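**Q** Mind looking over this structure? Questions follow.
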Amino acid sequence: CAISAPCRVMTVISFSKDPTVARSKLDGTVQPYGVVYQGKRTGQVRADVWCRGRSEKGLELQFLWTRTRSLDPLPDAGVLMIHPFGRYCNANKLAGEVDTLEALEHAKSQYPIDPKRIAIRGFSMGGAAAWHLAVHYPDRWFAATPGAGFSETPDFLKVFQSETLKPYWFEEKLWTMHDCPVWVRNLQIVPTIAYSGELDKQKQAADIMAKASWELPDDERFELTHIVAPKTAHSISPEAKKEIDRRLRILDPNSGLLKHHTINREDSIAFTTTTLRYNRAFWVTVDSLENHHEPSTIRATFQYGDPAMGEQADQVMVWIEGGITQFTLERDANKVGEQSVEIRIEDTERVVSKDAFEVLLRSDSSFKATFRVVDGFWQMVSPIEPPASQLRKRHLLQGPIDDALLAPFLFVKPTASGLNPKIDQWVKSEFDHAVGQWHRQKRGDVRIKSSEELTAADIQNNHLILWGDPKSNPTIAKVLETAGIAKLPLQWNDTAIELGGLKLDAQQHIPLMIYPNPLAPDRYVVFNSSFTYREYDYLNN
């Protein structure tokens, strides 16, 4: 919009002959987003992704109506604001997270967005989304401004909803995937401005993040910037908005107001993760974890060599805490020196095999090196080593079950009677529930096929959600019979189900599980489960 007055645009992602327009990769459904811009366009623009607040009754048509009529919140002059629908009311997590990132990529294909000048923002439920996307993707944003919302599970439910929690141990483990205080170190990578109203119960979200940042070890402790509007409940005061906009203008890499901090922020990385789903920050990638759902941290600093001081090699210092067992460092040619890189590793759990690793630059003058724990020592991995001969968790193939619903997937329905009529009845009930709730909660239509309709391309390009048992669903039988690295550790026949040391009556039990698909080891196979939260949780974003 090359005009001086504010304008609003509604973009609907849908099928078209235009190759720049596509449906959601998850289920092929249309997912809308809005765009607001004010000011004359000159070259590339800054983009703010604004995540919306909670609205259980506000579905697609209400969202479309609002975004084609409302400029709220009005972006700063010269800033393109992107409003993702975010897949209904789930704080832009799970499918909503995928939609938000897809909306951003689609907007980048349609508008002159500077990829180095994208901020993640939001208020209320959108504040929760901004906390989540900031700590899990810290290298995607030049800044984050989460307002209100929630940043974790247990304390929020106690404080905001006065709940008494009695979680199973595995629920507490799984909280580490999304609970932001666990990931608070990552805010050292993305400049963050938290906002709360003084009288807002949801001030709890920023308070608990501030506590987490200040309780880090002394050499990592930092203060969270938290703007609190006096005598304000659940809203953004005009004065606070002006102050947040002012600070964002300073942080904008094109502002010319920065001295050094943000310009070179990627030279010093502190990245925490609990899952290989989220495994990257700038030039540092975590490739393997000893235990998922337990926090591990990698810190890496890059320092250019100074030939005048006799330092020909660049220096990289790496510190490991927790269960990281493989990581990769990679920088483009314009971000390294001229000859080699010297890497030193310190690990609280393991031993470095020698004082330093000297790594020559690659043939295009870029730098890449992978290190793995072997017999308790860190060793550099050959770039031409053959593919892994053993099955292991890796990025986008690490579970749990819900992860299979974050990429293209197909439901494969049963087409015959199974091992037991009662199990058939349960499978039908669960299948119908999953299809219906994907439509209600995820605002989409599941793609469904039978085993007879399944093609080789379907198997290679989708995670398969298989319903039934080996008798009612031929694809389950085929998966169980397929040998290879990803062969399922499951025996399932008319009488028994055996998994490891567990043996159960097949007439009374059915497995719900996720595993690499033996027919396509880069994809998942899931038995008898869609997304794993149920009725009560449909009421809470």
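**Q** Could you pull out the residue among E223, E243 that is closer than 19 Å to A144 by Cα, in a helix (DSSP H, G or I), at pLDDT 95 or above and of a type outside the set (K, R)?
**A** Of E223, E243, the one residue that is closer than 19 Å to A144 by Cα, in a helix (DSSP H, G or I), at pLDDT 95 or above and of a type outside the set (K, R) is E243.
Each row is one residue, and each column tells you yes or no for (1) among the polar types (S, T, N, Q); (2) out of contact with any helix residue (DSSP H, G or I) (no Cβ under 7 Å at 6 or more places or on another chain).
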| position | (1), (2) |
| --- | --- |
| D76 | no, no |
| H83 | no, no |
| G86 | no, no |
| N90 | yes, no |
| L94 | no, no |
| D99 | no, yes |
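**Q** Select, from T176, T164, T192, the only residue that is more than 23 Å from the chain's Cα centre (by Cα) and not charged (D, E, K, R).
**A** Exactly one of T176, T164, T192 is more than 23 Å from the chain's Cα centre (by Cα) and not charged (D, E, K, R), namely T164.
**Q** Modelled with pLDDT under 95 and either among the aliphatic types (A, V, I, L, M) or within 24 Å of L26 (Cβ to Cβ) (or both) - does that describe any residue in the range 472-483?
**A** Yes: the range 472-483 contains one or more residues that are modelled with pLDDT under 95 and either among the aliphatic types (A, V, I, L, M) or within 24 Å of L26 (Cβ to Cβ) (or both).
**Q** R87 passes all but one of (1) closer than 19 Å to H136 by Cα; (2) modelled with pLDDT of 95 or more; which number fails?
**A** With (1) closer than 19 Å to H136 by Cα; (2) modelled with pLDDT of 95 or more applied to R87, the lone miss is (2).
**Q** Regarding Q38, is this residue at pLDDT below 90, touching a strand residue (DSSP E or B) at 6+ places or on another chain (Cβ under 7 Å) and within 25 Å of Y538 (Cα to Cα)?
**A** When the stated conditions are applied, Q38 does not pass them.
**Q** Related question: If you go through the range 120-137, how many residues are open to solvent by less than 10 Å² (accessible area, probe 1.4 Å) and either in a strand (DSSP E or B) or of a type in the set (K, R) (or both)?
**A** Result for the range 120-137: 2.
**Q** So, one more: With open to solvent by 20 Å² or more (accessible area, probe 1.4 Å), under 17 Å from I244 (Cβ atoms), at pLDDT 95 or above and in contact with a strand residue (DSSP E or B) (Cβ under 9 Å, 6 or more places away or on another chain) as the only criterion, which of R140, R117, R185 stands out?
**A** R117
**Q** Could you tell me which residue of the range 251-278 is farthest from R46 (Cα to Cα), considering only residues that are at pLDDT 95 or above and out of contact with any strand residue (DSSP E or B) (no Cβ under 8 Å at 6 or more places or on another chain)?
**A** Restricting to residues being at pLDDT 95 or above and out of contact with any strand residue (DSSP E or B) (no Cβ under 8 Å at 6 or more places or on another chain), the top hit is R277.
**Q** If you don't mind, there's one more thing I want to ask. Here are the criteria: (1) out of contact with any Gly (no Cβ under 8 Å at 6 or more places or on another chain); (2) under 28 Å from R246 (Cα atoms); (3) aliphatic (A, V, I, L, M); (4) surrounded by 18 or more Cβ atoms within 10 Å (Cβ to Cβ). Tell me which single one L74 does not satisfy.
**A** So L74 meets the others, but not (4).
**Q** Find all pairs meeting these conditions: Cβ atoms under 8 angstrom apart; at least six residues apart or on different chains; first residue within the range 402-415 and under 10 Å from F531 (Cα atoms); second residue surrounded by fewer than 20 Cβ atoms within 10 Å (Cβ to Cβ) and of a type in the set (S, T, Y).
**A** Correct list of pairs: D402/T532.
**Q** May I pose another question? What pairs come out if I take residues in the range 209-236 that are without any contact (Cβ under 8 Å) to a residue 12 or more places away in the chain and pair them with residues that are among the polar types (S, T, N, Q) whose C-beta lies under 8 Å away, six or more apart or interchain?
**A** Close Cβ pairs satisfying both conditions: R221/S213.
**Q** Here is a further query. How many residues does the range 327-364 contain that are open to solvent by less than 20 Å² (accessible area, probe 1.4 Å) and part of a strand (DSSP E or B)?
**A** So the count comes out to 10.
**Q** Quick check on the range 92-114: of everything there that is open to solvent by less than 10 Å² (accessible area, probe 1.4 Å) and among the small types (G, A, S), which residue is farthest from L133 (Cα to Cα)?
**A** Among those residues, the one meeting the criterion is A107.
**Q** Would it be correct to say that G256 is more than 30 Å from Q202 (Cα to Cα) and open to solvent by less than 30 Å² (accessible area, probe 1.4 Å)?
**A** no
**Q** List the number of the failed condition for C89; all other conditions in (1) farther than 20 Å from G149 by Cα; (2) buried (at least 19 other Cβ atoms within 10 Å of the Cβ) hold.
**A** Checking C89 against (1) farther than 20 Å from G149 by Cα; (2) buried (at least 19 other Cβ atoms within 10 Å of the Cβ), the one that fails is (1).
**Q** Can you pull out every residue in the range 281-326 that is open to solvent by 30 Å² or more (accessible area, probe 1.4 Å), within 26 Å of F170 (Cβ to Cβ) and assigned to a strand (DSSP E or B)?
**A** D287, E321
**Q** Limited to the range 421-451, what total is found for residues that are within 18 Å of A506 (Cα to Cα) and buried (at least 19 other Cβ atoms within 10 Å of the Cβ)?
**A** Result for the range 421-451: 2.
**Q** Criterion first (modelled with pLDDT under 95, under 28 Å from D76 (Cα atoms), open to solvent by 30 Å² or more (accessible area, probe 1.4 Å) and assigned to a loop (DSSP other than H, G, I, E, B)) does H234 satisfy it?
**A** Answer is no for this residue.
**Q** Exactly one condition in (1) under 24 Å from I236 (Cα atoms); (2) out of contact with any Leu (no Cβ under 7 Å at 6 or more places or on another chain) is false for D99; which is it?
**A** If we test D99 against (1) under 24 Å from I236 (Cα atoms); (2) out of contact with any Leu (no Cβ under 7 Å at 6 or more places or on another chain), just (1) comes out false.
**Q** What are the residues in the range 481-501 that are over 15 Å from L391 (Cβ atoms) and surrounded by fewer than 13 Cβ atoms within 10 Å (Cβ to Cβ), if any?
**A** E481, Q491, D494, T495, G501
**Q** May I pose another question? Please specify each residue of the range 391-403 satisfying the condition of being assigned to a loop (DSSP other than H, G, I, E, B) and at negative phi.
**A** L391, R392, K393, H395, Q398, P400
**Q** Looking at the range 392-405, is at least one residue modelled with pLDDT of 95 or more, over 27 Å from the mean Cα position of the chain (by Cα) and open to solvent by less than 50 Å² (accessible area, probe 1.4 Å)?
**A** no
Table: residues versus (1) touching a residue at least 60 places away in the same chain (Cβ under 8 Å); (2) under 27 Å from the mean Cα position of the chain (by Cα).
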{"site": "D432", "(1), (2)": "no, no"}
{"site": "K442", "(1), (2)": "yes, yes"}
{"site": "V446", "(1), (2)": "yes, yes"}
{"site": "I465", "(1), (2)": "yes, yes"}
{"site": "S472", "(1), (2)": "no, no"}
{"site": "I476", "(1), (2)": "no, no"}
{"site": "L504", "(1), (2)": "no, no"}
{"site": "I514", "(1), (2)": "yes, yes"}
{"site": "P518", "(1), (2)": "no, yes"}
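**Q** Quick check on the range 366-382. Is at least one of its residues open to solvent by 100 Å² or more (accessible area, probe 1.4 Å), modelled with pLDDT under 95, in a loop (DSSP other than H, G, I, E, B) and hydrophobic (A, V, I, L, M, F, W, C)?
**A** no
**Q** Going by what's in this entry, would E105 be described as over 21 Å from I193 (Cα atoms) and outside any loop (DSSP other than H, G, I, E, B)?
**A** Yes.
**Q** Right, here's the next one. What tally of residues in the range 502-541 results from selecting those that are among the charged types (D, E, K, R) and surrounded by 21 or more Cβ atoms within 10 Å (Cβ to Cβ)?
**A** Qualifying residue count for the region: 1.
The values are calculated or read from the model by the stated rules, or taken from the named source; none is laboratory data. None of the values given here were measured: they were computed from a predicted structure. Glycine gets a Cβ as well: all are built from the backbone with ideal geometry, and neighbour counts include every protein chain shown. The accessibility values were calculated without ligands, DNA or RNA, using every heavy atom of the protein model including side chains. Shrake-Rupley method; radii C 1.70, N 1.55, O 1.52, S 1.80 Å.
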